Amino acid sequence: MSSALTQLGFSVPIVAAPMAGGPSTPALVSAVADAGGLGFVAAGYLSPDALSAQLEQLGGRRFGINIFTPNEADPGIDPAVYAAYREQLLAGGGIDPVLLPETPQRSDDHYAEKVRIALASEAAFVSFTFGYPDPVIIERLQSAGKRVVLGATSREGIDAVRDTGADVLSIQGPRAGGHRATVLGIDGEDADDQDLRELIRYARSRSDQPIFAGGGIADAADVRDILAAGATAAQVGTLFLGATEAGTKPAHLAALHDLRHRATVLTRAFTGRTARAVSNRFTEAFSDQAPTMYPALHFLTAGVRAQAAAQADPEQLHLWAGAGFEGVRVAPAAEIVSSLTRELPATS
Ligand SMILES: Cc1cc2nc3c(=O)[nH]c(=O)nc-3n(C[C@H](O)[C@H](O)[C@H](O)COP(=O)(O)O)c2cc1C
């Protein structure tokens, strides 16, 4: 085990990435901690009370909290563009208009309150997605003894994170499942400077900061590669969707198996922000039309997605998944951690 890893308090170099919307549960975070890795509570979309309730269930374990940061670079809501996309969804057929709110909804996801909860919590790590927090917030968290984790998907982002004084750099490669954590740099797969291993090597050449890196990890060989490139720990999301402790919706989990021969695609169709999902009828019909308008489109499509989940219809559900989703197996989190790490050399 590397000394950087020991200093962070891990015994195995696996981070269970935050997965908002249900999959990250206190049971998953606890199981990964008990297996020697680090799990993140996904604060995104939770009410502050629900977040506090999750934190109460972690019983003295070492864990992180992930918070969505409002990103000032995001374009705001354009009512005409929202209405036009709503019309396109209706014209696409099969969607009940009552499921599609006519008025666009705003939300900062209770940012300030979640920061307050994180500050007062036992969390050892606090990570931020979609934007970098105000320097005052970083300092306050650090003064409270927490390590601040900030993400990047590009060289530009890596340089920006270093300049914030964050304790840990999180690099999300282009094959990652779910939303792209892009703050700076191009947000798409046509960006040819975003190979994960290249980004890790670049970050290593610039600083000694600990690095969590992931995106598309399918097996232990991928973990070895990422560590060999210079990451301190591998950050894994999609494979933990199969953990028995995860709260993955049954329809989502079933689709990862039943649709395993399909490709993943980058799409804004569900939320107005680029995310990687298994291709389905919804992504095929609407990816080309969806504007950039997060989280208004998240709320616009929420009813359709909830109905699809209830009806076990994978074709209208946001099937977030990384490009390595063929590696998903249903198993306890401890087994997933050990299958990802058993071929690692004793010291790395
Ligand atoms: C279902 C799902 C939900 C996610 N939710 C979040 C989130 O709440 N916050 C975040 O920073 N990243 C989120 N991500 C991205 C992961 O943190 C991570 O970058 C990604 O899962 C790594 O790639 P992989 O899924 O291929 O392992 C999510 C990913 C998935 C698959």
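The values are calculated or read from the model by the stated rules, or taken from the named source; none is laboratory data. None of the values given here were measured: they were computed from a predicted structure. Note: ideal-geometry Cβ built from the backbone for every residue, glycine included; neighbour counts use all protein chains shown. The accessibility values were calculated without ligands, DNA or RNA, using every heavy atom of the protein model including side chains. Shrake-Rupley method; radii C 1.70, N 1.55, O 1.52, S 1.80 Å.
Before moving on, here are some points about what is shown:
- Of all residues in the range 320-335 being more than 10 Å from the ligand (Cβ to nearest atom) and open to solvent by 10 Å² or more (accessible area, probe 1.4 Å), the one that is nearest to SER279 (Cα to Cα): GLU326
- Every residue from the range 50-83 that is without any contact (Cβ under 8 Å) to a residue 60 or more places away in the chain and crowded, with 17+ Cβ neighbours inside 10 Å: GLN54, ARG61
- Of the criteria (1) more than 25 Å from GLY145 (Cβ to Cβ); (2) not assigned by TED's automatic domain parsing to the domain that holds ALA285, which one LEU90 fails: (2)
- Tally of residues being touching a Ser or Thr at 6+ places or on another chain (Cβ under 8 Å) and in a helix (DSSP H, G or I) across the range 257-272: 0
- Between ALA83, ALA42, ALA118, the distinction of being out of contact with any Pro (no Cβ under 8 Å at 6 or more places or on another chain) and either among the aromatic types (Phe, Trp, Tyr) or assigned by TED's automatic domain parsing to the domain that holds ASP167 (or both) belongs to ALA118 only.
- Within the range 283-327, the set of residues being among the β-branched types (Val, Ile, Thr) and either without any contact (Cβ under 8 Å) to a residue 40 or more places away in the chain or in contact with a Gly (Cβ under 8 Å, 6 or more places away or on another chain) (or both) comprises THR283, THR292.
- Top-ranked residue in the range 11-46 [being more than 13 Å from the ligand (Cβ to nearest atom) and part of a loop (DSSP other than H, G, I, E, B); ranked as nearest to GLY230 (Cα to Cα)]: PRO13
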